[in-house]
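Report on one structure; see the data block that follows.
The values are calculated or read from the model by the stated rules, or taken from the named source; none is laboratory data. These numbers come from a predicted model, not from an experiment. Every residue, glycine as well, gets a Cβ built from its backbone with ideal geometry; the counts of neighbours run over all protein chains shown.
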Amino acid sequence: MFALIGIEHRYGAATVLRIDEWRAAEGEHWLLAGPSGSGKTTLLHILAGLTTPTIGTVVVGGTDLGTLKGSARDRWRGRTVGLVPQRLHLVGALDVRDNLRLAQFLAGVPDDPERVRELLAAVGVGDLANRYPRELSQGQAQRVAIARSVINRPALVLADEPTANLDDAHAAGALELLRAQAIANGATLVVASHDARVRPLLPRAFALPPRPAVAARDGIAA
Amino acid sequence: MNVVRLAFAYARRRPLATVFNIALLAVGVATITLVILLSRELEQRLAREATGIDLVVGAKGSPLQLVLAGVYHADVPPGNVPLAAVEELARNPLVQQVIPLALGDSYRGFRIVGTEPAFVAHYGASLAQGSGWSRPMEAVLGSDVARASGLAVGTTFAGSHGLAEGGGDHGETPYRVVGILAPTGRVIDRLVLTGIDSVWRVHAHEDADAEHADADHDHAATSDRAQPSAARATGHAPVREVTLALVRYKSPLAAASLPRTINAETVLQAASPPYESARLFTVFGVGTEVVRGFALLLIGASAFGLFVALAQALDERRYDLAIMRVLGARRSTIVAVLLLESVLLAATGLVLGLGLAHGLAAGIGAWLPAAAPLAAGARVWQPEEWGVVALALGAGIIATLLPAWRAYRLDVAATLAEG
């Protein structure tokens, strides 16, 4: 479904990410593992077309992202990728229903209230459609963010540390919901996490080594 | 969901800042629009009143005063001139028509004008009731005078001395109302009309009285009246005087030479209404410029307020903008949302301001009775108001430029990572 080949990403002189190759088939569920600062979020952003790696080829769903520029890339992202950011980032000015409709609008997908209703019910927040994000618990907000990520039936769903602030029961529930929604919408799933609880819940894992630059500095310090 | 809904949602989120900025802009727009409406209406009324009057002639003195007294009935006239001089002017081949006016008295603040029937014809007025004056001490009332005084055809009234209220009464020589004019929308609505000989008669009577008893006012000091000065001296055979006359040229060519001839060779002074009102406008134009400047300041302040609100909101909203980009929004969509939001605010302030200005102009008579005739300006859309529209919307757009540029340049990945 996607392939990362010969990826290297630098900030200034520091190399923050290096991957020789990572391929995932359609419908697979992956854990992107690695300690804090190893570049998991950067890699998710590369897969989402938000960050262009300094070197390397990124192919998602048959599209070479290197060939996509500007608004074409924005349009592609809106329809192909669903992202659940670590901080969720629901739009506070809009209620839950409008947060989902905003995702439809911005991706250029026709307004579909029925789809919004069904999806909110499917993630267990069907009765919160008129609530504003500040009126939601952390767990409820995460369900809404998951619903938003799959509203346009993306081919690839990316979740960044979805269990970071959750207790064991809720962590398992969040993973369960992500996997169920990925399956329901036919999406490939990548969950970036350094949480040991997540490892057994996903069938495949891709591990990032500690950040190269950090390793080098540690080496000097040692 | 669409960009407008989104813009509204954000405006609702900051109600206090939103309302404040809208109100500030509305007040600025209302102020500048009110000045436009009233000054344009005033200009048009002044021009309308002067239609068909090429020249005002009267005693030597201030030409502006002559025009104010003769055309707008707003100032005291400079003095009197012999009727013979006016009749002489009427025989000039360049002159088509001369209408003499004898001023000096008033009734409840409305001026009593001694004149000829041609005066009524000049203003295109027609009788609503009764007939025109034919004998001395018969009077025809303008429509405003009739309505305000309640005088009907057949009733009598006494004029009072001077052009303002509060002068001594001419109780012994009352006028009898013989006719009432239909409204014209011009100054004649606020005048009491009578024959010139009536005015002479009132003052001849007075002067005769004054020789026997102590007068309650000093005739010699009042220059604002058509009084037979010779009567004071002799008690009879008055020199016939008028206050001023309205002149119409036979051809526009007369404008080149006639005023100069009159000023140089006769006891009369000639004043051109368009020229004098233009001069008047440059004087109080300064006042309206000051008000306009103040209004511009208000609009500028609201634009700055809008800018501050947006710039502040952007700090909080950059995560929203980043997630919108994640959801597929182009950079241009983000800019459009911000732009539309402030244009919507500006448009709301604009509409409220324009409505307020037209409303205040319509109701101006309630708090400024003297300006009541200007209320007609409220129903007119002045072309300059398009300038106000451009100004208000432009302020909204300019206020957005910097925040929009920052939003355009937003680094989505870095913003999401920091959040």
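So that you can scan it fast, the table gives a plain yes or no per residue for (1) away from chain A (no Cβ under 14 Å); (2) of a type in the set (F, W, Y); (3) more than 30 Å from B:A47 (Cβ to Cβ); (4) in contact with a strand residue (DSSP E or B) (Cβ under 8 Å, 6 or more places away or on another chain):
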site	(1), (2), (3), (4)
B:D320	no, no, yes, no
B:R331	no, no, yes, no
B:A346	yes, no, yes, no
B:G359	yes, no, no, no
B:W367	yes, yes, no, no
B:V388	yes, no, no, no
B:L393	yes, no, yes, no
B:P403	yes, no, yes, no
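Looking at A:L119, is it within 10 Å of another protein chain (Cβ to nearest Cβ) and of a type in the set (A, V, I, L, M, F, W, C)? For A:L119, the condition - within 10 Å of another protein chain (Cβ to nearest Cβ) and of a type in the set (A, V, I, L, M, F, W, C) - is not met. Looking across B:A47, B:A26, B:A11, B:A17, one residue alone is out of contact with any helix residue (DSSP H, G or I) (no Cβ under 6 Å at 6 or more places or on another chain) and either among the small types (G, A, S) or farther than 25 Å from B:L368 by Cβ (or both). It is B:A47.
Matching residues to (1) out of contact with any Lys or Arg (no Cβ under 8 Å at 6 or more places or on another chain); (2) modelled with pLDDT of 90 or more; (3) at the interface with another protein chain (Cβ under 10 Å from one of its Cβ atoms); (4) farther than 20 Å from B:L401 by Cα:
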| residue | (1), (2), (3), (4) |
| --- | --- |
| B:F284 | yes, no, no, yes |
| B:L314 | no, no, no, no |
| B:R325 | no, yes, yes, no |
| B:G328 | no, yes, yes, yes |
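Sub-6 Å Cβ pairs linking a first residue in segment A:70-81 that is without any contact (Cβ under 8 Å) to a residue 40 or more places away in the chain and part of a helix (DSSP H, G or I) to a second residue that is surrounded by 17 or more Cβ atoms within 10 Å (Cβ to Cβ) and not small (G, A, S), at least 6 apart or interchain, are A:S71/B:R330; A:D74/B:R330; A:W76/A:L68, ordered by first then second residue.
Return yes when B:S342 is touching a Gly at 6+ places or on another chain (Cβ under 6 Å) and of a type in the set (S, T, N, Q) and no when it is not.
Values: touching a Gly at 6+ places or on another chain (Cβ under 6 Å): yes; of a type in the set (S, T, N, Q): yes.
Considered against the rule, which asks whether it is touching a Gly at 6+ places or on another chain (Cβ under 6 Å) and of a type in the set (S, T, N, Q), B:S342 comes out as yes.
Criterion applied to A:L50, A:L17 was being modelled with pLDDT under 95, within 23 Å of A:S149 (Cα to Cα), within 14 Å of chain B (Cβ to nearest Cβ) and crowded, with 22+ Cβ neighbours inside 10 Å, and the one residue passing it is A:L50.
Can you find, within segment A:127-155, the residue that is surrounded by the fewest Cβ atoms within 10 Å (Cβ to Cβ) among those that are farther than 20 Å from A:G78 by Cα and among the hydroxyl-bearing types (S, T, Y)? Please lay out each step first, then the result.
Filtering segment A:127-155 down to residues farther than 20 Å from A:G78 by Cα leaves A:127-141.
Filter again for among the hydroxyl-bearing types (S, T, Y), leaving A:132, A:137.
Values: A:Y132: 17, A:S137: 10.
If we take residues in segment A:127-155 being farther than 20 Å from A:G78 by Cα and among the hydroxyl-bearing types (S, T, Y), then A:S137 is surrounded by the fewest Cβ atoms within 10 Å (Cβ to Cβ).
So, in segment A:65-81, of the ones that are of a type in the set (G, A, S) and surrounded by fewer than 17 Cβ atoms within 10 Å (Cβ to Cβ), which residue ends up farthest from the other protein chains (Cβ to nearest Cβ)? Working first, answer last.
Initial filter on segment A:65-81 (of a type in the set (G, A, S)): A:66, A:70-72, A:78.
Cutting the leftovers down to surrounded by fewer than 17 Cβ atoms within 10 Å (Cβ to Cβ) gives us A:66, A:70-72.
On the way: A:G66: 16, A:G70: 8, A:S71: 4, A:A72: 9 Å.
Per the stated criteria, the residue is A:G66.
Residues in segment A:140-179 that are among the aliphatic types (A, V, I, L, M) and either without any contact (Cβ under 8 Å) to a residue 12 or more places away in the chain or at positive phi (or both): 1 in all.
Could you tell me whether segment A:142-151 includes any residue that is over 16 Å from the mean Cα position of the chain (by Cα), closer than 28 Å to B:A313 by Cα and within 12 Å of chain B (Cβ to nearest Cβ)? So that I can check it myself, show each step before the final result.
Filtering segment A:142-151 for residues over 16 Å from the mean Cα position of the chain (by Cα) gives none.
There is no residue in segment A:142-151 that is over 16 Å from the mean Cα position of the chain (by Cα), closer than 28 Å to B:A313 by Cα and within 12 Å of chain B (Cβ to nearest Cβ).
Reported count of residues in segment B:1-59, each being touching a residue at least 12 places away in the same chain (Cβ under 8 Å) and within 14 Å of chain A (Cβ to nearest Cβ), is 10. Among the residues of segment A:156-205, those that are surrounded by fewer than 20 Cβ atoms within 10 Å (Cβ to Cβ) and small (G, A, S) comprise A:A164, A:A169, A:A171, A:A172, A:G173, A:A180, A:A184, A:G186, A:A196, A:A205.
Taking the conditions (1) surrounded by fewer than 18 Cβ atoms within 10 Å (Cβ to Cβ); (2) touching a residue at least 60 places away in the same chain (Cβ under 8 Å); (3) over 31 Å from the mean Cα position of the chain (by Cα); (4) farther than 15 Å from B:G132 by Cβ in turn, B:R190 satisfies each one other than (3).
Taken together, the residues in segment A:82-101 that are facing chain B (nearest Cβ under 8 Å) and either more than 21 Å from A:D160 (Cα to Cα) or part of a strand (DSSP E or B) (or both) amount to 5. Scoring A:G108 on the criteria (1) buried (at least 17 other Cβ atoms within 10 Å of the Cβ); (2) at the interface with another protein chain (Cβ under 8 Å from one of its Cβ atoms); (3) assigned to a loop (DSSP other than H, G, I, E, B) leaves a single failure, condition (1).
Residues in segment A:111-139 that are in contact (Cβ under 8 Å) with a residue 12 or more places away in the chain and in a helix (DSSP H, G or I): how many? Lay out the reasoning, then the answer.
Pass one, segment A:111-139, residues in contact (Cβ under 8 Å) with a residue 12 or more places away in the chain: A:113, A:115-117, A:119-120, A:122-125, A:128-134, A:136, A:138-139.
Those still in the list that are in a helix (DSSP H, G or I) too: A:113, A:115-117, A:119-120, A:122, A:128, A:133-134, A:138-139.
Matching residues across segment A:111-139 total 12.
Out of curiosity, is B:G154 part of a loop (DSSP other than H, G, I, E, B) and either closer than 28 Å to B:L64 by Cβ or basic (K, R) (or both)? Let's see the steps before the verdict.
Details: part of a loop (DSSP other than H, G, I, E, B): yes; either closer than 28 Å to B:L64 by Cβ or basic (K, R) (or both): no.
Spelling it out, it is not the case that B:G154 is part of a loop (DSSP other than H, G, I, E, B) and either closer than 28 Å to B:L64 by Cβ or basic (K, R) (or both).
Residues that are over 14 Å from B:T261 (Cβ atoms) and modelled with pLDDT of 90 or more were ranked within segment B:91-105; the one that is surrounded by the fewest Cβ atoms within 10 Å (Cβ to Cβ) is B:Q96.
Can you go through B:R379, B:R406 and tell me which one is closer than 18 Å to B:A313 by Cα and either aliphatic (A, V, I, L, M) or surrounded by fewer than 18 Cβ atoms within 10 Å (Cβ to Cβ) (or both)? The match here is B:R406. Among residues of segment B:378-403 that are in the same structural domain as B:H358 (by TED's automatic domain parsing), those with a Cβ under 6 angstrom from a residue that is among the basic types (K, R), sequence gap 6+ or separate chain, pair up as B:Q382/B:R40.
Residues in segment B:333-348 that are free of Cβ contacts under 8 Å to residues at least 60 places away in the same chain and surrounded by fewer than 23 Cβ atoms within 10 Å (Cβ to Cβ): B:V343, B:A347.
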